[in-house]
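Here's the structure, in structure tokens; my notes come after.
The values are calculated or read from the model by the stated rules, or taken from the named source; none is laboratory data. If you're wondering where the values come from, they're calculated on a predicted model, not measured in any experiment. A quick note on method: Cβ atoms are made from the backbone with ideal geometry, for glycine too, and the neighbour counts reach across all protein chains shown. Note: areas computed on protein heavy atoms with side chains; ligands, DNA, RNA excluded. Shrake-Rupley method; radii C 1.70, N 1.55, O 1.52, S 1.80 Å.
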Amino acid sequence: MKFLDEAKVYIKSGDGGAGAVSFRREKFIEFGGPDGGDGGRGGDVWVEVVNGLNTLIDFRFQQHFKASIGQHGMGKTRTGAKGADVVLRVPVGTQIFEEDNETLIVDLTKEGQRFRLAAGGNGGFGNAYFKSSTNQAPTHANPGLAGEEKTVWLRLKLIADAGLVGLPNAGKSTFLATVTRARPKIANYPFTTLHPNLGVATIDGREFVLADIPGLIEGAHEGVGIGDRFLGHVERTRVLLHLVSAQEEKVGKAYKTVKAELDAYGGGLTDKPEIVALSQIDVLDEKELKKKAKELEKACGRPPLLLSAAAHIGMTEALRALRDVIVSASNGGETALPDRSMPHEDSEAEEGDDRL
């Protein structure tokens, strides 16, 4: 299934049915009077959040949605039937915008949530409605009201508890594949990940959702590389795990590059709790590891976690750090990050055995 997080669709609710002009005609009844019924209401256009979807790909193949018109009124004061509704089924986290792509209509964040995007037109009154003491045989009826029509934008922002950010080849996809059952594409070249991936991680009996987005490079907010279009998928997260590859020549600069892009994007990302980790440490010797760890600590202002998804080093500690922030945020507490010091030399053997 291809990933699509933005779609433009045209919607139109149904027109109301026209009222009927009719008179009662029965044997031995000379003055039957008007009996034209009212028209039925046009169908509505609804949007509904359903389970099992994580992309808007269905809206690539169908962009026009029109509800049915209401049935016209009939004689014997019969009211026309209401037109059938149209329902747009979307994944959790979908936002609906006006045609300008800026004015938010509704933000759908819960499964089962429904919202009416366009109301159907009211049906017209039949001539029976206009009967009065001074007008006992009206010969006119109302047409139905026109339905609403508009163009809207659907924009998906995935719902996740934690988000993975970093430069390309920082080890984000490997981390996701190691701690969850997600199977993102992994290869030794930049921009292997072309769209966000989700996975459910479990630590100490607690589950939370991880989101991995394509890597950021300098100038991403200006469209360089894949750009920052996928950063919206980590706007709803409670914590960010910022991975900096140990293979970077200057890890401090690599950290600041991604941090600058997050700041340029906005969306409150720089205000989120951030856990910084030096990844892929299995490629370094002890001396080089200490040097780069100190450089990264100087850049981010706190001791980073040391981990390697390939060698299963430090993974449990990283998951527990994410879990602590998520639990604290969900309980309404402060999302302060735990104070974690650098590992001692005599604990390296234990860290190497830290497996999921």
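Report yes if some residue within segment 300-319 is of a type outside the set (Gly, Ala, Ser), closer than 24 Å to ALA260 by Cβ, more than 31 Å from the chain's Cα centre (by Cα) and open to solvent by 60 Å² or more (accessible area, probe 1.4 Å); otherwise report no.
yes
Scan segment 134-156 and tell me whether some residue there is within 30 Å of ALA211 (Cα to Cα), modelled with pLDDT under 95 and in contact with a strand residue (DSSP E or B) (Cβ under 6 Å, 6 or more places away or on another chain).
yes
I'm trying to understand the selection: among the residues of segment 106-147, which are part of a strand (DSSP E or B), open to solvent by 50 Å² or more (accessible area, probe 1.4 Å) and among the β-branched types (Val, Ile, Thr)?
Residues satisfying the conditions do not exist here.
Taking into account only those residues within segment 268-297 that are loosely packed, with under 14 Cβ neighbours inside 10 Å and closer than 24 Å to GLY163 by Cα, which is modelled with the lowest pLDDT?
Ranking the qualifying residues of segment 268-297, first place goes to GLY268.
Just to verify a result, which residue in segment 148-177, among those that are more than 25 Å from VAL86 (Cβ to Cβ) and charged (D, E, K, R), is most open to solvent (accessible area, probe 1.4 Å)?
ASP161
Have a look at ASP263, ASP271, ASP324 and point out the one that is in contact with a helix residue (DSSP H, G or I) (Cβ under 6 Å, 6 or more places away or on another chain), within 20 Å of THR237 (Cα to Cα) and acidic (Asp, Glu).
Testing whether each residue is in contact with a helix residue (DSSP H, G or I) (Cβ under 6 Å, 6 or more places away or on another chain), within 20 Å of THR237 (Cα to Cα) and acidic (Asp, Glu) leaves just ASP263.
Hey, can you tell me all the residues within segment 203-262 that are open to solvent by 30 Å² or more (accessible area, probe 1.4 Å) and either among the small types (Gly, Ala, Ser) or more than 25 Å from the chain's Cα centre (by Cα) (or both)?
Once the filter is applied, which keeps residues that are open to solvent by 30 Å² or more (accessible area, probe 1.4 Å) and either among the small types (Gly, Ala, Ser) or more than 25 Å from the chain's Cα centre (by Cα) (or both), segment 203-262 yields ASP204, GLY205, GLU218, GLY223, GLY225, GLN247, GLU248, GLU249, LYS250, LYS253, LYS256, ALA260.
For segment 55-105, give me each residue that is part of a strand (DSSP E or B) and either charged (D, E, K, R) or open to solvent by 90 Å² or more (accessible area, probe 1.4 Å) (or both).
Of everything in segment 55-105, those that are part of a strand (DSSP E or B) and either charged (D, E, K, R) or open to solvent by 90 Å² or more (accessible area, probe 1.4 Å) (or both) turn out to be HIS64, LYS66, ARG78, ARG89.
I'd like the residue in segment 1-54 that is of a type in the set (Phe, Trp, Tyr), under 49 Å from the mean Cα position of the chain (by Cα) and not in a loop (DSSP other than H, G, I, E, B) and, out of all such residues, is surrounded by the most Cβ atoms within 10 Å (Cβ to Cβ).
TRP46
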